[in-house]
1. Where the only charges are on Cβ atoms (+1 Lys, Arg; -1 Asp, Glu), what is the dipole of the chain about its Cα centre, to the nearest 20 debye?
2. If you plug each phi of region 9-22 into the Karplus form 6.51 cos²θ - 1.76 cosθ + 1.60 with θ = phi - 60°, what whole-Hz ³J(HN,Hα) values come out, in order, with x for Gly and Pro?
3. Using the Cα centre of the chain as origin and beta-carbon charges of +1 (Lys, Arg) and -1 (Asp, Glu), tell me which of Phe75, Ser63, Met1 is placed farthest towards the positive end of the dipole.
4. How much of the accessible area of the chain, in percent, comes from carbon and sulfur atoms when a 1.4 Å probe is used?
5. Under Stokes-Einstein, with the Kirkwood radius over Cα pairs standing in for Rh, what whole-number D in µm²/s applies to the chain at 10 °C and 1.306 mPa s?
6. Roll a 1.4 Å probe over the protein chains and send me the accessible area per residue for region 19-93 in Å².
Amino acid sequence: MKKNAYVEKAQAQLDELSGKIKVLKAKAQGTQASVKIEYEKRIEELNTLKEATMKKLEEIKNSTDDAWEKTKIGFEKSVKSIEEKIKSTISKF
């Protein structure tokens with residue numbers, strides 16, 4: 001896969017994950033105070049992971065055509081981590 005195509009796909013993944021995080025945030029608003037605190041903690045962790053992942057995507061965008069393949073491994077691990085945390089949050093609440 002070419003770098004530009006990968007960047008577009010990666011951006012779409014981040015957009016989808018951002019949407020899922022927004023859904024979780026909306027669900028948190030309708031919960032009891034004790035549950036809401038835990039929900040918000042997890043959402044904050046997700047946002048932190050998302051920000052780090054966005055930085056990795058920027059690294060890919062700014063890397064040379066030869067070096068971006070190495071950088072994408074870290075990005076993909078970050079995306080997987082976010083997906084797992086979202087699934088965990090959904091299953092817990």
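The values are calculated or read from the model by the stated rules, or taken from the named source; none is laboratory data. Values in this document were obtained by computation on a predicted structure and should not be read as measured data. Neighbour counts run over all protein chains shown; Cβ positions are idealised from the backbone, glycine included. These accessible areas exclude ligands, DNA and RNA; they are computed on the full protein's heavy atoms, side chains included. Shrake-Rupley method; radii C 1.70, N 1.55, O 1.52, S 1.80 Å.
1. 300 debye
2. 5, 5, 5, 5, 4, 5, 4, 5, 5, 4, x, 5, 5, 4
3. Phe75
4. Taking all protein chains in place, the chain shows 51 percent carbon and sulfur surface.
5. My calculation gives 113 µm²/s for D.
6. Per residue, region 19-93 has 66 Å² of solvent-accessible surface.
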